[in-house]
Structure formats: structure tokens, C-alpha cells
1. Residues in the stretch 45-67 that are surrounded by 14 or more Cβ atoms within 10 Å (Cβ to Cβ) and within 21 Å of residue 22 (Cβ to Cβ): how many?
2. Given (1) open to solvent by 90 Å² or more (accessible area, probe 1.4 Å); (2) at pLDDT below 90, where does residue 42 come up short, assuming only one miss?
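The values are calculated or read from the model by the stated rules, or taken from the named source; none is laboratory data. Since the model is a prediction, treat every value here as computed from it, not as a measurement. Reconstructed Cβ throughout: ideal geometry from the backbone, glycine too, with neighbour counts over all protein chains shown. Side chains are part of the model used for accessible areas, which takes the heavy atoms of the whole protein and leaves out ligands, DNA and RNA. Shrake-Rupley method; radii C 1.70, N 1.55, O 1.52, S 1.80 Å.
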Amino acid sequence: MTTPKVNRSTRNWRKLKETFRTQSQTTNAPCWLCGQPIDYTVNTDDYGYHPDAFEPDHYHPVKTHPELREDPANLRPSHASCNRTRGDTDPTDLLTIGDQSRTW
């Protein structure tokens, strides 16, 4: 069985993404994957890819849960690089993404 391709360029998705960005920026929410601050001043729509920029991450991957693709409760704030590193990994399988502050 093939997974249907999900269109993330819909008007509804763009509006949801911008609303979530505004909410995350207002609370200065850190990346939920690495815990580091997100640079909310960089807009990837204007500059293309930037690793420290905000990107909404789907807690439950769209690939496995397409019905949740536009559910605001399924979104988490993340860095573009952390989101892309995670890919469609299940959140319960995650190891810490990012660099540790020191060697333990």
C-alpha cells in the first residue's frame, strides 16, 4: 500500500504555519527537539533554507498520520535543521538531536 502524497502548499497550511510561528515567537518557544533557541527573525520563505530558522514539526509524522497534517495540536516548534534531521522518525524513537553542551 502506498502512502498518499501530502500537499503542504495549500492556503490552509500556509495560514496554519504562520499562526503557529506567531504563537511560538510570542512565547519565544525553543526547538522541541534540541531545546536550543530558534532564530525567529529568519523567514525561510524570504531566504530559502537556514538551519536555525523556525520550521513547524509534526509530532506525528505526516507520512504515517496524514489525517493530522493540519491539526495545530500536532505541531511543535523546531529548527529547520532539527526537523529535517528527524525526518519521519516516530517521536518515541527519537534520540536527542543536536550537540551536547559538553562531553559527559
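1. The total comes to 9.
2. (1)
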